[in-house]
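What follows is a set of notes on a single structure, which appears directly below.
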Amino acid sequence: MSSTYHGCRITVMGLGRFGGGTAAARYLADHGARVTVTDLRTEAELADELAALDDVPLEGIHVGGHRENDFVNTDMVVVSPAVAPSSPFLKMASFANVRLSSEIELFWNAKRSPIIGVTGTVGKSSTATLIADMLRAGGLGGHLGGNIGHSLLGEVDDIKPEDWVVLELSSFQLHGLRRLKVSPEIAVVTNFVPNHLNWHRTVEHYRQSKQTILAYQTPNDAAVLNADDLDVSRWETLGNRLTFSGGPSTQSTAIVKNGEIKLSHQEVSTSLTLPPTLDSPHQSQNAAAAATAALAAGVDIDAIATGLREFAPLPHRLEQVGQTLGRTFVDDSKSTTPRATVAAVEATPKPLRLIVGGADGDIDLRPLVDAAARSSVAIYLIGQTAIQIETLLRDFAPQARTIRCSTLRAAVLRAWGESRNGDTILLSPGCPSYGEFQDYRDRGMTFRECVADIAAEDSAQAA
């Protein structure tokens, strides 16, 4: 297959855990590139990713560490979003004038269809999924990919030019797209709270990366912004500004009030009832953002209503995973920021027993501490940030009951043992998962396994 990559030496740095690296390696090899993959993880740790590349003609597979030669004697390095710009290997490549790229950049260069991009500190996945559902209901494509965990590279040649593509875009991915100086035709920003500062180093770098989604729009494009977020509402764009609001705004395209979304855009003026799955402060704003983006893409009201009605909560995002002896277990492992935990605490039935903590992402944990102390019967602390959260709670809410636990399983069992009929046991860590777990999915599955073990033991005792 002839292409611009034919005969090029390309290093894929980091296979990733959600398919981006493997998709890039396959795509480039299919287009005639001489591909070498390299990863810090061992062959055993990469068993699934390497198995997915078993039929791909790779020039080299270097795992368990990186080699300088792969970054200087090559034509391009495709970088995993998890790799920070400060990586010495990226500096080697730049010094050698080697082009840097990413999986999302490869897709962007190959795509023929318009893009709806969704970013924000929290709410990206649910909003992107809702938009895709609405587009599909309206017969307008709705191909969903990006940070949500599905690469569209393998499908890019089959996506029709008239179909819309929805991409969830992380700050890491947007940082890479700044190299291309591109923004989507419709950009959605759910909110902004400082995060990932161990990667970005400064709040301004994080903000600038996020603002890539608006930076290169034209007057023919649309920017869907959160009117209630004082930071986001001031972001600049040449695109047509459309806003959504869950507060007192009367000028927004979509306003959430009394369990409804009031839509007003061009010739459209209507109200849509939110289903129970979206009738919470956090999810209703996601729904308003999605409805606004769908309107901008030309989706009709009936299709928007269908997308709202048929939405199912995503795995590991405020997902009820069990009920035993009157106790309800909720998996919100995708919560990797304090703001996400605040939203989860506000949306979860009380009395509440909250499991929080994880890896240190160099972010302000005080909002999490405040919400936890106000709304929880007890707070079970896990991971690297357990001591930090405990110290904050001792200073700001000494009355809060805190229990430090060695593992997630220990926290679940302790919460279960102390719980009463009617309690909700919520896993909403508010921190990244690395350390005890590979990723948030691994953490969520461990929580589910604990819940299943508790249910099985209860059933055995009842028998």
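The values are calculated or read from the model by the stated rules, or taken from the named source; none is laboratory data. Please read these numbers as outputs of a predicted model, since none were measured by experiment. With ideal geometry, Cβ positions are generated from the backbone for all residues, glycine too; neighbour counts draw on all protein chains shown. Only protein heavy atoms, including side chains, enter the accessible area calculation; ligands, DNA and RNA are left aside. Shrake-Rupley method; radii C 1.70, N 1.55, O 1.52, S 1.80 Å.
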- D229: accessible area at probe 1.4 Å, nearest 10 Å²? 10
- Query: T202: accessible area at probe 1.4 Å, nearest 10 Å²?
  - Reply: 70
- Carbon/sulfur accessible area of the stretch 366-463, % of total, 1.4 Å probe, equals 49
- Note on the structure: The local net charge around G357, scoring Lys/Arg +1 and Asp/Glu -1 for residues other than G357 whose Cβ lies under 12 Å from its Cβ, equals -1
- Loop-resident GluC sites (Glu not before Pro) in the stretch 154-238 with no more than 13 other Cβ atoms inside 10 Å, DSSP not H/G/I/E/B, are E162, E236
- Note on the structure: So the carbon and sulfur contribution to the accessible area of the stretch 1-82, 1.4 Å probe, in percent, is 48
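Quick one: of K124/K181; K160/K257; K124/K350, which pairs are farther than 30 Å apart, Cα to Cα?
Working: K124/K181 22 Å; K160/K257 37 Å; K124/K350 26 Å.
In this structure, K160/K257 lie more than 30 Å apart at Cα.
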- R0 of 41 Å, Cβ-Cβ distance E346-R41: FRET efficiency to nearest 0.05: 0.65
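How much accessible area per residue does the stretch 332-463 have, counting only protein heavy atoms and a probe of 1.4 Å, in square angstrom? Walk me through the numbers before you get to the answer.
Details: 5760 Å² over 132 residues.
Using a 1.4 Å probe on heavy atoms only, each residue of the stretch 332-463 averages 44 Å².
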- Task: Select from the stretch 240-343 those GluC sites (Glu not before Pro) which occupy a DSSP coil region and have at most 11 other Cβ atoms within 10 Å, ordered by residue number.
- Result: E267
- Message: Rounded, prolate or oblate, given the Cα gyration tensor of the stretch 92-198, with a/c below 1.5 counting as rounded?
- Response: oblate
- Message: Quick check: pseudo-label points 7 Å beyond the Cα along Cα→Cβ at R241 and N220, how many nm apart are they?
- Response: 2.3
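Given the DSSP H assignment, sum -39500 (n - 2.57) over each helix run of at least 4 residues in the chain and divide by its residue total; what's the result at 222 nm in deg cm²/dmol, nearest 500? If you can, show how the numbers build up before the last one.
Values: 16 runs with 165 residues, N = 463.
Helix-only estimate at 222 nm: -10500 deg cm²/dmol.
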- Note on the structure: Using alpha-carbon positions, the gyration tensor of the stretch 1-127 gives root eigenvalues a ≥ b ≥ c; with a/c under 1.5 called rounded, otherwise prolate if a/b exceeds b/c, else oblate, the class is rounded
- Task: Please work out the Cα center distance from the stretch 76-124 to the stretch 198-237, rounded to the nearest Å.
- Result: 18
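So what is the relative contact order for the stretch 207-359, in percent, with contacts set as C-alpha pairs under 8 Å and at least six apart?
On the way: 196 pairs, mean separation 20.7, N = 153.
Relative contact order for the stretch 207-359 comes out at 14 percent.
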- Message: Kirkwood Rh over alpha-carbon pairs of the chain, then Stokes-Einstein at 4 °C and 1.567 mPa s: what D in µm² s⁻¹, rounded to an integer?
- Response: 56
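How large a share of the accessible area of the stretch 85-167, in percent, is made up of carbon and sulfur atoms when the probe is 1.4 Å and the other protein chains stay in place? Write down the numbers at each step before the final one.
Working: 1490 of 2940 Å².
That share works out to 51 percent.
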